[in-house]
Amino acid sequence: MKRIPIIVLWVVLIFILSSEIFAQELKPIQLPKPQMDGGKPLMQALKERESSRDFSLEKLPLQVLSNLLWAAFGVNRPDSGKRTAPSAKNIQEMDVYVATADGLYLFDAKAHLLKPILAEDIRGMTGRQSFVKVAPINLIYVADFSRAGTMTNEEKEFYSAAHTGFISQNVYLYCASEGLATVVRASIDRPMLAKAMKLRPDQRITLAQPVGYPRK
Ligand SMILES: Cc1cc2nc3c(=O)[nH]c(=O)nc-3n(C[C@H](O)[C@H](O)[C@H](O)COP(=O)(O)O)c2cc1C
């Protein structure tokens, strides 16, 4: 049998390793401008707001993801940088992470961009219920206590819970308006998820919320 030159083996090995590295590299996603017109009238969206746990595997188009994240916690007054959800003393300690099949991203509201965090599908770790890995995206709400100034721990916990509620309800209303399924969830193994997300000890997971099309 003819022997393969060692140099050829090296080239093949480098090629395999580099393609593996590139495959693991997650790129930032610039979200398209959110569409702020359209949608159902507020009273109708309120009428249709509900929790739903039956998701289809269908991915969300980028425009829908853009609109959803803007509704959730986007910048609605560029002059001040203030957002679609209120914030006690405007501390803005909340972050919205987006877990997808491709990996984990952090929503940068100012740049309306998804920052890559982890090239791993951690959707299954975002909750104790089996549907969490079916929905195409899972929003994970994280309070960064390092941004909460001189507040006491009790205040930090109280405000971050309240802030999460406002963001979550924005998501509920957008979903009701767009015919999407969603449910806010507290049933999370937080230590496991925090480890998977590589969070610091002063970053606290509050709730998570999968979003997707309803299963037909
Ligand atoms: C703080 C909070 C935590 C929740 N946690 C979960 C959860 O872990 N899993 C789940 O399936 N639903 C969860 N829910 C959804 C509730 O079960 C749901 O809102 C309730 O049954 C009322 O239904 P509705 O949202 O359709 O009005 C949670 C809701 C809230 C407000």
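The values are calculated or read from the model by the stated rules, or taken from the named source; none is laboratory data. Please read all numbers here as calculations on a predicted model, not as lab measurements. Positions of Cβ are backbone-derived with ideal geometry, glycine not excepted, and every protein chain shown enters the neighbour counts. Side chains are part of the model used for accessible areas, which takes the heavy atoms of the whole protein and leaves out ligands, DNA and RNA. Shrake-Rupley method; radii C 1.70, N 1.55, O 1.52, S 1.80 Å.
Every helix of 4 or more DSSP H residues in the chain counts as -39500 (n - 2.57), and over all residues that averages to -11000 deg cm²/dmol at 222 nm. Note on ILE7 and ASP102: their simple-model spin labels are 3.8 nm apart, each label 7 Å out from Cα toward Cβ. Candidate membrane-span-like segments in the chain, meaning DSSP H helices with Cα atoms spread over at least 24 Å of their own axis and a Kyte-Doolittle mean of 0.0 or above, are 6-24, with no membrane implied. Measuring nothing but alpha carbons in region 16-127 and taking Rh as the Kirkwood radius, the Rg to Rh ratio lands at 1.01.
Starting from the Cα gyration tensor of region 68-149, take the square roots of the eigenvalues, sort them a ≥ b ≥ c, and report rounded, prolate or oblate (rounded when a/c is under 1.5, otherwise prolate if a/b is larger than b/c, else oblate). Prolate is the answer for region 68-149, as a/c is 1.5 or above and a/b outweighs b/c.
Between LYS59 and LYS198, full extension at 0.36 nm per residue minus the direct alpha carbon distance yields a gain of 47.5 nm. Equivalent-ellipsoid semi-axes for the chain (Cα gyration tensor, √(5λ), whole Å, largest first): 35, 22, 18. Relative contact order, whole percent, for the chain stands at 27, derived from Cα pairs under 8 Å and 6 or more residues apart.
Placing R0 at 25 angstrom, the Cβ-Cβ distance between ASN90 and THR152 gives a FRET efficiency of 0.85 after rounding to 0.05.
Here the Debye sum runs over all C-alpha atoms of region 107-216 as equal scatterers in vacuum, and log10 of I(q)/I(0) at q = 0.13, 0.17, 0.23 Å⁻¹ comes out as -0.53, -0.91, -1.48. Computed about its Cα centre, the charge dipole of the chain is approximately 280 debye, with only Lys, Arg, Asp and Glu carrying charge at their Cβ. Considering only ARG190, ARG204, ARG77, the mean-square fluctuation computed in a Gaussian network model of the chain, springs between alpha carbons under 10 angstrom, is largest for ARG77. Under a model in which nothing but the beta-carbon of Lys, Arg (+1) and Asp, Glu (-1) is charged, region 141-216 shows a dipole of about 360 debye around its Cα centre. When the chain is treated as a GNM with alpha-carbon contacts under 10 Å, the residue of ALA196, ALA72, ALA181 showing the greatest mean-square fluctuation is ALA196. The residue list ILE117, ALA99, GLN169 was ranked by how far each Cα lies along the charge dipole of region 88-216 toward its positive end, using unit charges on Cβ atoms, and ALA99 comes out on top. Split the accessible area of the chain by element, probe 1.4 Å, and carbon with sulfur accounts for 59%. Maximal additional length on extending the MET43-PHE166 stretch stands at 42.6 nm, based on 0.36 nm per residue less the C-alpha distance. Largest GNM mean-square fluctuation among GLY179, GLY74, GLY127, using the chain with Cα springs under 10 Å: GLY179.
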